[in-house]
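Notes for the one structure printed next.
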Number of protein chains: 2
Amino acid sequence: MAKLPKKTVERISQYRRVLAKYQTLSEPFIFSHDLASLLHLNPVQVRRDLMLLGTSGNYRNGYKVTKLLQSIDETLTIPKSTQATIIGMGRLGESLLKHIGSSPVCPVMINSTFDINPKKINTTIRGIPCYDMTRAPEIIKEQKIKIAILTLYTEDIQAIIDILIDAGIEGFINYMAGPIKIPKGIYLKEYDIRTTLEEMSYNIHN
Amino acid sequence: MAKLPKKTVERISQYRRVLAKYQTLSEPFIFSHDLASLLHLNPVQVRRDLMLLGTSGNYRNGYKVTKLLQSIDETLTIPKSTQATIIGMGRLGESLLKHIGSSPVCPVMINSTFDINPKKINTTIRGIPCYDMTRAPEIIKEQKIKIAILTLYTEDIQAIIDILIDAGIEGFINYMAGPIKIPKGIYLKEYDIRTTLEEMSYNIHN
DNA sequence: ATGAACTTGTTAATTGATTAACAAAAAATA
DNA sequence: TATTTTTTGTTAATCAATTAACAAGTTCAT
Ligand SMILES: NC(=O)c1ccc[n+]([C@@H]2O[C@H](COP(=O)([O-])OP(=O)(O)OC[C@H]3O[C@@H](n4cnc5c(N)ncnc54)[C@H](O)[C@@H]3O)[C@@H](O)[C@H]2O)c1
Ligand SMILES: NC(=O)c1ccc[n+]([C@@H]2O[C@H](COP(=O)([O-])OP(=O)(O)OC[C@H]3O[C@@H](n4cnc5c(N)ncnc54)[C@H](O)[C@@H]3O)[C@@H](O)[C@H]2O)c1
């Protein structure tokens, strides 16, 4: 299938989670406007996304939830689960791990985490072990891990990034404060709540 | 000044943090392409944003950092610090609080947090107290808090949201999993790392 | 059976964001 | 002094995302 627009992919991920919950209500069908209102979107946008997804609904009942979920699964889970890891199992890393683990279905799997703190190393959370950071290159190669979530606190992040890329990481989700350098071809998403706060503050006052 | 585009406001917030760091290197000037590369942006985009901001640079040296920072401050800090609070001081709430507190300058202030767990209530982090959740309406009104960051874990979020809006909250930053209902006129930003993970996974494989 | 009331699916129009293009300024160099 | 280099500032062009418009299918009520 043709490559989906960035924003459509983003929303499709949200549709899946909402639908998974909706399904437990044993509602077999959903209308575009219901799905839209659950996610504060425009119903037209929902229908357009689903059209791009290549799935279709029913003139009277809307979209069949199981069919929709299956369609999303096929699109987002290619060819099968992507492997990801968390670097830095402090408060944030631990919270993220539990949160991600709460997904009913997940196209991204986390089977290992890393830290340098001896108190964290060799512990497990939800059955997922925390390894010594020195073992990261070895384990990333072995398990073909592609995404690294950066939740550590350190001054010397650049050296770590280079090692991770060398081991096979193709994408970073960065929560650390400082700007980082990433070569072309490596994906990067940065998230900082301070930007969200300042943006909202601006909106409230303007 | 005319209302800035959403994306421009977002980037301006990032410029500020990068510039604040850059300033400590005692570099008095910065070129648009340097600022751009620190944030993985296009230099034209940076210049356009700064033009919209109403500030100007120098044909030979680029932009004066102190002047730029002042200009950003004037735009984002209107009329003065917005008050925000964190609801739920678990792992995530605590991590966010410390992270936000690490900002050198901040147009959004957090002076109180809330929880229902007696072990959290009446503790302080970085001098910021955690109050009993039952006191939220009173304190939100008193301190004119406008933004609530939702980092709690509960089944019954809707009732809490309604109480918070009633107390004067105008914007929510929601980290909780389930979909929430928000009346028109109230700002909402939802963030879920699972969407970022799935989006990145899709990009890596397509 | 006819029309009203819903819905989906799709194209067209609009709006918003990014990037290209280039004039103008300033300094460095030949 | 003329030319090259480098950078800002701005408009125009392009690209991406959203929304409007509406045909077409389905059921229900009359
Ligand atoms: N972007 C955001 O919105 C946001 C929000 C909260 C926190 N943060 C940032 O996330 C980071 C973590 O926050 P936290 O509250 O979990 O901090 P924390 O101190 O609780 O955890 C940091 C962890 O990183 C580990 N660590 C340090 N150096 C390491 C290394 N070289 N390799 C592997 N692990 C290493 C530490 O042992 C610790 O366990 C901080 O940089 C913080 O500023 C960002
Ligand atoms: N969106 C994301 O990317 C993301 C990432 C990590 C965690 N989360 C979510 O954030 C939430 C918190 O995660 P955590 O790891 O900090 O969990 P946690 O269990 O450590 O903390 C939850 C806190 O909320 C408090 N709480 C519960 N009910 C409350 C109420 N009615 N009022 C006030 N406080 C209340 C608890 O006492 C506890 O301190 C969870 O819902 C989790 O799924 C989201």
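The values are calculated or read from the model by the stated rules, or taken from the named source; none is laboratory data. Predicted model only: the values in this text are computed from it and were never measured. All Cβ positions, glycine included, derive from the backbone under ideal geometry; neighbour counts span all protein chains shown. All accessible areas refer to the heavy atoms of the entire protein, side chains included, with ligands and DNA or RNA removed. Shrake-Rupley method; radii C 1.70, N 1.55, O 1.52, S 1.80 Å.
The table for this structure:
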read-out: Net charge dipole size for the protein assembly as shown [Lys, Arg +1 and Asp, Glu -1 on Cβ; Debye, nearest 20]; value: 700
read-out: Shape call, the protein assembly as shown: gyration tensor on alpha carbons, a/c limit 1.5; value: rounded
read-out: At 7 Å out from Cα toward Cβ: B:P28 inter-copy label distances (nm, ascending); value: 7.6
read-out: Chain B, accessible surface, carbon-and-sulfur percent (1.4 angstrom probe); value: 53
read-out: P(r) of segment B:82-194 over all Cα-Cα pairs, binned every 5 Å from zero, in whole percent; value: 2, 12, 25, 27, 22, 11, 3, 0
read-out: Nearest-to-axis residue of chain A, judged by beta-carbon position, where the axis maps A onto B, in Å; value: A:R91, 2
read-out: Calculated label separations, A:I186, copies of the chain, 7 Å along the beta-carbon direction, nm; value: 4.1
read-out: Convex hull of chain B built on C-alpha atoms - directionally averaged projected area, nm²; value: 14.3
read-out: Dimensionless Rg/Rh of segment A:1-55 - Kirkwood Rh, Rg from C-alpha atoms; value: 0.96
read-out: Net dipole in debye of segment B:1-131 [+1 Lys, Arg Cβ; -1 Asp, Glu Cβ; about Cα centre; nearest 20]; value: 100
read-out: Position B:K3, label points 7 Å along Cα→Cβ, spacing to each other copy in nm (shortest first, one decimal); value: 3.3
read-out: Estimated distance in nm for a label pair at A:K181 and A:T123, the labels positioned 7 Å out from Cα along Cα-to-Cβ; value: 3.5
read-out: Segment B:132-206: trypsin sites (Lys or Arg not before Pro) in DSSP coil with no more than 14 other Cβ atoms inside 10 Å; value: B:K144, B:K181, B:K184
read-out: Solvent-accessible surface ranking, highest first, for A:S37, B:S103 at 1.4 angstrom; value: A:S37, B:S103
read-out: Cα pair distances in segment A:1-106, grouped into 5 Å bins until the bin that holds the longest one, percent each; value: 2, 11, 21, 22, 17, 12, 8, 5, 1, 0, 0
read-out: Solvent-accessible area buried by pairing A with B, both sides, nearest 100 square angstrom, 1.4 angstrom probe; value: 6300
read-out: Those trypsin sites (Lys or Arg not before Pro) in segment B:37-118 that DSSP places in a loop and that have at most 12 other beta carbons within 10 Å; value: B:R60, B:K80
read-out: Helix-only mean residue ellipticity at 222 nm for the protein assembly as shown, each DSSP H run of n ≥ 4 adding -39500 (n - 2.57), per residue, nearest 500; value: -13500 deg cm²/dmol
read-out: Shape category assigned to segment B:155-206 from the gyration tensor of Cα positions, a/c cut at 1.5; value: prolate
